[in-house]
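Shown next, in structure tokens, is the structure this report addresses.
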Amino acid sequence: MNFILIAVIVLGGIALISAVILYVCSKKFAVHEDPRIGQVSAILPGANCGGCGYPGCSGMANALVKGADAGSIDGLFCPVGGSDVMNQVADLLGMAVANTEPKVAVVRCNGTCEFRPRIAVYDGLKTCTAVNSCGAGETGCGYGCLGCGDCVNACSFGAISMNPETGLPEVDEDKCTSCGACVKACPRHIIELRKKGVKKRRVYVRCVNKDKGAIAMKSCKAACIGCGKCEKECKFGAITIENNLSYIDPDKCRLCRKCVEACPTHAIVAVNFPAPKVRVDASETVAAKETSSEAVSSNVEQKQEEVKA
């Protein structure tokens, strides 16, 4: 009986000493979290997409609170929540947030099945990363879309889908949050986040092929050949040619669309613009009026003859 009592006393003493040690450690090494972090996390959408550049919404909330303590949260933006969420965060932290123009993902490849025929058959793991590591893929273009849909799988908002007819991904502007997950998933970097623009209108080069013109045209009929016609046509310095590829700066572009007309391969596209008005030649208009007047005169003469008869 004495052994049992001694064991109970020893174990109780060990438990008491351990409890005291744990209490002291918890007080000494305690991590005090700013309550504002939890409040900011509650405002954020909770998508944890990483589009803000931080590991999840909790990381973004921590960065916002630290930025507020430093005196500025400029440069921090939640692409999913947008301006509405950022304004709520700014009100909570007592800060001013800069207005950020919304962006959307664009696919910079126009190499459809029509323009970029298959020259090989790939029989392996159907992911863009795997196909890219094996070579150029099933077509001759080593820069264009591989069509396996890694970007579709990476999108958490269902904003990207593969078009079975063209073999290219398509972005739903209304669903896209510009989180950038598709940009990171594409091994060939053909997806870019660009400003939505006024009335969602954009002009950009739908090609990333850096080969010289003749080589690029062999692999894809819709490729940019780096001829420089678009650059010469632009009066605002928005277009530059580098590595045989033209690029349009969205900050300088004035959406005049003259480059679209100048491009010989139609590699430059204009999105969400109204259809161009059909111009009628003045000579055709005059001829139509003369024909109409002759028809009226003929009808009048015919009626006069009927009356005389």
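Among residues belonging to the range 136-156 that are in a helix (DSSP H, G or I) and aliphatic (A, V, I, L, M), point out the one that is surrounded by the most Cβ atoms within 10 Å (Cβ to Cβ). Ranking the candidates gives 154 first.
Which residues, taken from the range 121-135, are touching a residue at least 12 places away in the same chain (Cβ under 8 Å), in a loop (DSSP other than H, G, I, E, B) and either assigned by TED's automatic domain parsing to the domain that holds residue 78 or surrounded by 11 or more Cβ atoms within 10 Å (Cβ to Cβ) (or both)? Within the range 121-135, 122, 126, 127 meet the criteria.
Going through (1) more than 19 Å from the chain's Cα centre (by Cα); (2) in a helix (DSSP H, G or I); (3) not assigned by TED's automatic domain parsing to the domain that holds residue 220 one by one, residue 83 falls short only on (1).
Looking across the range 5-41, the residues that are at pLDDT below 85, within 30 Å of residue 58 (Cα to Cα) and part of a helix (DSSP H, G or I) come down to 26, 27, 28.
Inspect the range 220-240 for any residue being in the same structural domain as residue 173 (by TED's automatic domain parsing), of a type in the set (Phe, Trp, Tyr) and surrounded by 15 or more Cβ atoms within 10 Å (Cβ to Cβ) and give the result as yes or no.
Filtering the range 220-240 down to residues in the same structural domain as residue 173 (by TED's automatic domain parsing) leaves 220-240.
If we keep only those that are of a type in the set (Phe, Trp, Tyr) too, we end up with 236.
With surrounded by 15 or more Cβ atoms within 10 Å (Cβ to Cβ) added as a condition, the list becomes none.
No; the residues of the range 220-240 include none that is in the same structural domain as residue 173 (by TED's automatic domain parsing), of a type in the set (Phe, Trp, Tyr) and surrounded by 15 or more Cβ atoms within 10 Å (Cβ to Cβ).
Among helices (runs of 4 or more DSSP H) entirely within the range 158-242, having at least 1 residues that are closer than 18 Å to residue 114 by Cα singles out 213-219. Residues in the range 252-278 that are touching a residue at least 12 places away in the same chain (Cβ under 8 Å), more than 16 Å from the chain's Cα centre (by Cα) and in a loop (DSSP other than H, G, I, E, B): 252, 253, 254, 255, 256, 257, 263, 264, 265, 266, 267, 273.
One line per residue, one yes/no per condition, for (1) within 25 Å of residue 256 (Cβ to Cβ); (2) of a type in the set (A, V, I, L, M, F, W, C); (3) crowded, with 22+ Cβ neighbours inside 10 Å:
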| residue | (1), (2), (3) |
| --- | --- |
| 176 | no, yes, yes |
| 182 | no, yes, yes |
| 185 | no, yes, no |
| 197 | yes, no, no |
| 214 | no, yes, no |
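The values are calculated or read from the model by the stated rules, or taken from the named source; none is laboratory data. Note that the structure is predicted; figures quoted are calculated from it, not measured. We place every Cβ from the backbone using ideal geometry, glycine too, and count neighbours over all the protein chains shown.
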